[in-house]
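The values are calculated or read from the model by the stated rules, or taken from the named source; none is laboratory data. Because the structure is a prediction, the values reported are computed rather than measured. Cβ atoms come from the backbone with ideal geometry, glycine included; neighbour counts cover every protein chain shown.
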Amino acid sequence: MHALSAFESAARLGGFAAAAEELCVTPSAVSHRIRQLESQLGLALFERAPTGVRLTSAGRRYLDSVREAFDKLAQGGGAMAAERERLRLSVPPTFARQMLMARLPEFLARHPEVEITVNVALPMDGTTGEAADVEVRWLDRPPIAAMVEKLFDDELVVLVSPGYARRLALRKPGDLARAELLRSELLPWRPWFAAAGLDWREPQRGSVLNDLGMLLEVAACGLGVALCTRRIAAAWLETGRLLSPLAVCAASPMTYYLVSEASGERRAAVEHFAGWLGEALAAA
């Protein structure tokens, strides 16, 4: 949502500096958010020149969708709200930031009859304080539910900051013996070790992060080596904040599933959302 706000503000005000002043952030923060959005969409939204920036044709089209989506999100109460269907989503924080939010205006533009509520959930069990019509869960096998869809397959890669990679001269898997291995209960190291031909146990030392976004940020700060899936780490890789210096990869034992127990009137909105999200992620 920060990236979408930065894009809309820069487009409306005609520059990153003006948008930064409106949003109370630095121009470099606005530029970084917009580049993240462009990376996630695979589109150039602005033409950049020494004299300033201007929207590309794709940017103008996307701006229309973003403004329409913001208008719909801002609408509350009254007769219009009563006529529209609310879809309650429960999603893990990293999935929300990296995979969903930048794409959400497209769904809302396609389905103006739907209003959404997004709640952040624990990745593995979908636990939130709110009821949900659709949940995204990070699991090693399909759960039992009325509707279950695997969103995509992914592969595990080793990720380090450029500076950390230079200091340790990481060229082969065995060089990780000299490294600080960052850990997360969301992704074990053993599958990657096996793919690399290393008969190593799961690391017993090193920082533990319970969120994949935090794991990648800590690695980008040069505090160790992270193991994560390539698609979740895409924004960090595309901006060069993280590198994947080792050629070895392994199939991820964990992936995201879309889960729903919705029935009756809510089922149609759930099916619309599930079909759209599957298409959006397949095209990424």
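Quick notes on this structure:
- The condition (being closer than 24 Å to L104 by Cβ and touching a residue at least 24 places away in the same chain (Cβ under 8 Å)) is satisfied by just one residue among A44, A69, A20: A69.
- For region 43-62, residues that are in a strand (DSSP E or B) and under 22 Å from the mean Cα position of the chain (by Cα) total 1.
- Check on A247, small (G, A, S) and in contact (Cβ under 8 Å) with a residue 12 or more places away in the chain: no
- I144 free of Cβ contacts under 8 Å to residues at least 60 places away in the same chain, of a type outside the set (G, A, S) and closer than 30 Å to L63 by Cα: no
- The condition (being touching a Ser or Thr at 6+ places or on another chain (Cβ under 6 Å) and at pLDDT 95 or above) is satisfied by just one residue among L156, L181: L156.
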